[in-house]
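**Student:** Take this structure first; my questions come after.
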Amino acid sequence: MKIEVPGQTFRYVSENSNECSSECAFLLTKQNEKYKEDALEKGIHSIITPQECWELFGLDRICVIGITGTNGKTTTASAIYSLLLDLGHKAAMQGTRGFFMNDAPVEGKTLTTPSVLNTYRHMAQAIAAGCEYFIMEVSSHAIEQERIAGIQFGLKILTNITQDHLDYHSSLEEYTRIKNQFFQDETKKLINRDEAKAEFNIKNAYTYGVENPATYKIVAYSLNNGVSGVLKHFEELVPFESSLHGFFNLYNITAAMAAVHLVSGETIEKIAEVLENFGGVSGRMEVVSTDPLVIVDFAHTPDGMEQVLGALKEKEVLVVFGAGGDRDRTKRPLMGRVASNYAKKLYVTSDNPRFEDPDAIIEDILTGIDDRSNVYVDVNRRNAIAQALKDRSGDEVVLILGKGDETSQIIYDQHLPFDDRVVAKEILSELL
């Protein structure tokens, strides 16, 4: 991809050496450094750095809010985006769900954090659309690969740090180091005070939390019929209500309200008033049927599963889940253990096996389950969902985890149509 840049001595900017010519400046990044000589051989006009590209596009005209953490990035980003729009501000959002501007989708799903030039292109589009704010999810891969190079963040947010992506990062310690690396400068930052693994530069640091003293502290809350509570900021006490469910969403909501307060100048009271309008994110604790109660969620890590299952701990839950292939194997038995600790019955199946043997993935999960008397195994995900729905009775809840709003199942390199929500509804209609 190359972008036309008017008013310069070169016509285009590209980070792909194959697209370069004498009219093109080559944006040099950590990811494409090995192609620098190839770009030079193609007679490029010049080489520019991400910082120079940031200035070239005039991106300092927008406030960039970056969110990282193992869980909660998408919901927190979406809540911030919703709050800003409802308060009358123009905003854009880039992340797992795609690219949005001023409450309209612009591009579909892609990487959580795209390449440097793609992100800059989105920012330039947002500025052209009059946006004051650009909210973006920041993955650990993007931090390590410097896909956020040159970006001047107005606010950085940490949700939490638990196990994920150990197939890429060598250990939990390395993964934690990469996450914390994002918070070592003097940029304004908002840190989850209850996250024990958080390490950050205290300059311009603000905190939020439930259990520990924080700049934005939850002093009372209820998880009945959604999430409600009282947020304390210094001497100010502000009540709030949300239709979202689960203790983990209490953190996401608090982070979003605090972030909007820090960047917008709006009062916490006004922010709390519009919070009720945010209905959550598709594929995150998404109710696909109320009678019987069937919920789909994206949770695909031990901690993510524990958060979702903990939110339903007063219910009897039947859980359908698997684990992704060609990804961190060490989390699979942990996922099995978490599910067995909470659920009445488990339905272990496939979840994007990719190039791995799905039966072998299931065996990895089963090693974490001591008592398998209430475990049903079927490598066919549709069959597993169907069996759970057939077995369900009374007030039992069917919880389908791992894929959320994904619309395909990845087997080898094929993306085959499969949406947990659609499949569950189809099976329910057949059963009824």
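Throughout, read-outs are computed from the coordinates displayed, never taken from laboratory work. Note that the structure is predicted; figures quoted are calculated from it, not measured. Cβ: placed from backbone, ideal geometry, glycine included. Neighbour counts: every protein chain shown.
**Student:** Show me, for the stretch 20-25, the HN-Hα J-couplings you get by feeding each phi into the Karplus relation (A = 6.51, B = -1.76, C = 1.60, θ = phi - 60°), rounded to Hz, glycine and proline as x.
**Tutor:** Coupling constants for the stretch 20-25: 7, 7, 5, 8, 10, 8 Hz.
**Student:** Quick check on the stretch 286-431: take the gyration tensor over C-alpha atoms, sort the square-rooted eigenvalues as a ≥ b ≥ c, and tell me if it's rounded (a/c under 1.5), prolate or oblate.
**Tutor:** Oblate is the answer for the stretch 286-431, as a/c is 1.5 or above yet b/c matches or exceeds a/b.
**Student:** For the chain, set up a Gaussian network in which alpha carbons nearer than 10 Å are linked by springs, and say which option among Ala25, Ala91, Ala79 fluctuates the most.
**Tutor:** Looking only at Ala25, Ala91, Ala79, the biggest GNM fluctuation is shown by Ala25.
**Student:** What are the ³J(HN,Hα) couplings of the stretch 410-423, residue after residue, when phi is run through the Karplus curve with 6.51, -1.76, 1.60 and θ = phi - 60°? Round to Hz, x for glycine and proline.
**Tutor:** Each residue's phi maps through the Karplus curve to give 8, 10, 6, 9, 9, 9, 8, x, 6, 10, 3, 5, 5, 4 Hz.
**Student:** Right, next: Assuming 0.36 nm per residue, please report the length gained on full extension of the stretch Asn18 to Asp357 beyond their Cα-Cα distance.
**Tutor:** Working it through step by step, the gained length comes to 118.4 nm.
**Student:** Between the DSSP loop rule and a limit of at most 14 other Cβ atoms within 10 Å, which trypsin sites (Lys or Arg not before Pro) in the stretch 130-232 are left?
**Tutor:** Taking the stretch 130-232 and a limit of 14 other Cβ atoms within 10 Å, the loop trypsin sites (Lys or Arg not before Pro) found are Lys203.
**Student:** I would also like to ask the following. Which of the three applies to the stretch 370-432, rounded, prolate or oblate, going by the alpha-carbon gyration tensor with a ≥ b ≥ c and a/c under 1.5 meaning rounded?
**Tutor:** Oblate is the answer for the stretch 370-432, as a/c is 1.5 or above yet b/c matches or exceeds a/b.
**Student:** Ok, one more. Choose one of Thr330, Thr301, Asn201: the residue whose Cα lies farthest towards the positive end of the charge dipole of the chain (beta-carbon charges +1 Lys, Arg; -1 Asp, Glu; about the Cα centre).
**Tutor:** Projecting each Cα onto the dipole axis, the largest value belongs to Asn201.
**Student:** Can you give me the long-range amide H partners of Val138? Hydrogens built in the peptide plane at 1.01 Å from N, cutoff under 5 Å, separation of 5 or more residues or another chain.
**Tutor:** Ile67, Thr68
**Student:** Can I ask one more? Per 20 Å bin, what percent of the C-alpha pairs of the chain does each bin hold, from zero upward?
**Tutor:** Going out from 0 Å in 20 Å bins, the chain shows 25, 54, 20, 1 percent.
**Student:** Taking θ = phi - 60°, what integer Hz values does the Karplus form 6.51 cos²θ - 1.76 cosθ + 1.60 yield along the stretch 83-98, in sequence order, with x for Gly and Pro?
**Tutor:** 4, 4, 5, 5, 8, x, 8, 9, 8, 10, 9, 10, x, 3, 7, x
**Student:** Counting other Cβ atoms within 10 Å, keep those with at most 14, restrict to DSSP loop, and tell me which trypsin sites (Lys or Arg not before Pro) in the stretch 371-411 are left.
**Tutor:** Those satisfying the criteria are Arg372.
**Student:** Pairing the Cα long axis of helix 302-311 with the longest principal axis of the chain, what angle in degrees results, from 0 to 90 and rounded to the nearest 10?
**Tutor:** On a 0 to 90 degree scale, this one is about 60.
**Student:** Right, here's the next one. Which is the longest part of the chain that has none of the GluC sites (Glu not before Pro) sitting in a DSSP loop with at most 12 other Cβ atoms within 10 Å?
**Tutor:** 1-185
**Student:** Here's another thing I want to ask about it. About the Cα centre, and with charges only on the beta carbon of Lys, Arg (+1) and Asp, Glu (-1), how big is the dipole of the stretch 178-238? Nearest 20 debye, please.
**Tutor:** 80
**Student:** Which FRET efficiency value, to the nearest 0.05, is calculated for Arg372 and Glu173 with the Förster distance at 30 angstrom and r the Cβ-Cβ distance?
**Tutor:** Approximately 0.40, to the nearest 0.05.
**Student:** Here's another thing I want to ask about it. For Gly98, which sequence-distant residues (separation of 5 or more, or a different chain) have an amide H within less than 5 Å of its own amide H, given hydrogens modelled in the peptide plane?
**Tutor:** Placed amide hydrogens put Thr110 under 5 Å from Gly98.
**Student:** Run the numbers for Glu33 and Asp103: contour at 0.36 nm per residue of separation, minus the present Cα-Cα distance, in nm.
**Tutor:** 21.6 nm
**Student:** Between Leu40 and Glu146, what's the calculated FRET efficiency when r is the beta-carbon distance and R0 is 22 Å? Round to 0.05.
**Tutor:** About 0.60, to the nearest 0.05.
**Student:** When the chain is treated as a GNM, springs tying every alpha-carbon pair under 10 Å, which of Leu312, Leu416, Leu389 comes out with the largest mean-square fluctuation?
**Tutor:** Per the Cα network of the chain with a 10 Å cutoff, Leu416 tops the list.
**Student:** Which chymotrypsin sites (Phe, Trp or Tyr not before Pro) in the stretch 370-432 sit in a loop by DSSP (not H, G, I, E or B) and have at most 12 other Cβ atoms within 10 Å of their own Cβ?
**Tutor:** Tyr412
**Student:** Which value at 222 nm does the chain reach when only helices count, each DSSP H run of 4 or more adding -39,500 (n - 2.57), with the total divided by all residues and rounded to the nearest 500 deg cm²/dmol?
**Tutor:** -9500 deg cm²/dmol
**Student:** Hey, what angle do you get for helix 172-181 against the long axis of the chain, alpha-carbon based, 0 to 90 degrees rounded to 10?
**Tutor:** With rounding to tens, the tilt is 40 degrees.
**Student:** Same structure again: Among Ala196, Ala323, Ala39, which one shows the highest mean-square fluctuation when the chain is modelled as a Gaussian network with alpha-carbon springs under 10 Å?
**Tutor:** Ranking Ala196, Ala323, Ala39 by mean-square fluctuation puts Ala196 first.
**Student:** Rounding to the nearest 10 and keeping the result within 0 to 90°, find how far the Cα-based axis of helix 331-342 lies from the longest principal axis of the chain.
**Tutor:** With rounding to tens, the tilt is 40 degrees.
**Student:** Check which residues have an amide H placed less than 5 Å from Val397's amide H, if you skip close sequence neighbours.
**Tutor:** Here Glu316, Val317, Leu318 satisfy the definition.
**Student:** Specify which residue in the list Asn16, Leu155, Ala386 is farthest towards the positive end of the charge dipole of the chain, using unit charges on the beta carbon of Lys, Arg (+1) and Asp, Glu (-1), about the Cα centre.
**Tutor:** Leu155
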